[in-house]
Amino acid sequence: MQEVVTREDHGACVVLTLNRPEALNSVTDGLLEALEQHLDVIEKDVSRALVITGQGRAFCAGSDLNERDGDPAVRMARVHRLVERLATFPKISVAALNGFALGGGLEIAMACTFRVAVATAKLGLPEIKLGLIPVYGGTQLLPRLIGQSRALQMMLSGEPVSAEHGERIGLVDRVVSDGDDVLQQACAMALAHGQYSLPAQQAIRRAVREGADLLLSDALRLERELGQVVSSSEDAQEGLLAFVEKRKPVFKDR
């Protein structure tokens, strides 16, 4: 039986591939369950970073409209848990957009820390064209990345944007010309950021994520609290000692 999500280890970078190319890797309950199971393992293993990509010509074309049984509210809640988990995942994650990233596919990509896209990729939230709205996190994630006005333009028109346009507006972090390079570049980006102390990485991401919704005074208080915790860590002491000794620090994630 075909695995709907496969895992490959590229050194310290784990690559999860959405593997339903015949359906443009569209989201099903089975795909969500497989992603959740892989994340359970990756969260605890020795890997440093995560890349999610798609098999074939699409990253993910959204929800599988042929799977419409069951309570939609249950599916939405499940995807929201996945999106929130990716956004707060303890390791850096990069979406390697090898092709179409539409609807729920783009929403999963936006939950990752970064996005690398092949130049031919198309990104969009087309739900309005079906009389629907984005319900896998898009109404909240997209404005946080590109601002409210641009997000409304994308969602109310339903029109996709190119990878290059996505890079200009902050939806994409890097565009590569060749499909074979997108995975390599995504892994390189993930490991470049994921090589440092995990507690420090996590604190920075939390400060940015949570601080954006706070008053400045409260956000600065959060920064102080996180800074105090991180500065007392073993890794912080090692980093300062390595600086004095003019050597590369050896972090132990504690």
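No lab work stands behind these numbers, since they all come straight from the coordinates. Predicted model, so just to flag it, every value in this text is computed and none were measured. With ideal geometry, Cβ positions are generated from the backbone for all residues, glycine too; neighbour counts draw on all protein chains shown.
Using 0.36 nm per residue and subtracting the Cα-Cα separation, the extra length available between E33 and L132 on full extension is 33.2 nm.
The spacing between the range 157-229 and the range 38-73, judged by their C-alpha centroids, is 19 Å. Dividing the summed -39500 (n - 2.57) terms of all DSSP H runs of n ≥ 4 by the residue count of the chain sets its mean residue ellipticity at 222 nm at -15000 deg cm²/dmol. Counting lysine pairs in the chain whose alpha carbons fall under 25 angstrom apart, excluding pairs fewer than 8 residues apart on the same chain, gives 4.
Ranked for footprinting exposure by Cβ neighbours inside 10 Å, fewest first, L216, L222 give L216, L222. Dividing the alpha-carbon radius of gyration of the range 198-244 by the rule-of-thumb value 2.2 N^0.38 Å gives 1.27.
Over all projection directions, the Cα-based convex hull of the range 40-132 averages an area of 6.9 nm².
As a ratio to 2.2 N^0.38 Å, the alpha-carbon radius of gyration computed for the range 50-97 takes the value 1.36. In the range 140-254, the ratio of gyration radius to Kirkwood radius, Rg to Rh, stands at 1.08 when only Cα atoms are counted.
So for the chain: antiparallel DSSP bridges make up what percent, rounded to the nearest 5? Percentage antiparallel, nearest 5: 25.
For the chain, taking a cut-off of 4.7 Å between Cβ atoms, the unpaired cysteines are C60, C112. Projecting the alpha carbon convex hull of the chain along each direction and taking the average yields 15.0 nm². The ranking of D178, D29, D235 from fewest to most other beta carbons within 10 Å of each one's beta carbon is D178, D29, D235. About the centre of its Cα atoms, the chain shows a dipole size close to 600 debye [charges on the beta carbon of Lys, Arg (+1) and Asp, Glu (-1) only; nearest 20 debye].
Using the charge dipole of the chain (Lys, Arg: +1 at Cβ; Asp, Glu: -1 at Cβ; taken about the Cα centre), state which of V83, V208, T53 has its Cα farthest towards the positive end. Most positive-ward Cα: V208.
Neighbour counting of Cβ atoms within 10 Å sorts the residues R254, R144, fewest neighbours leading, into R254, R144.
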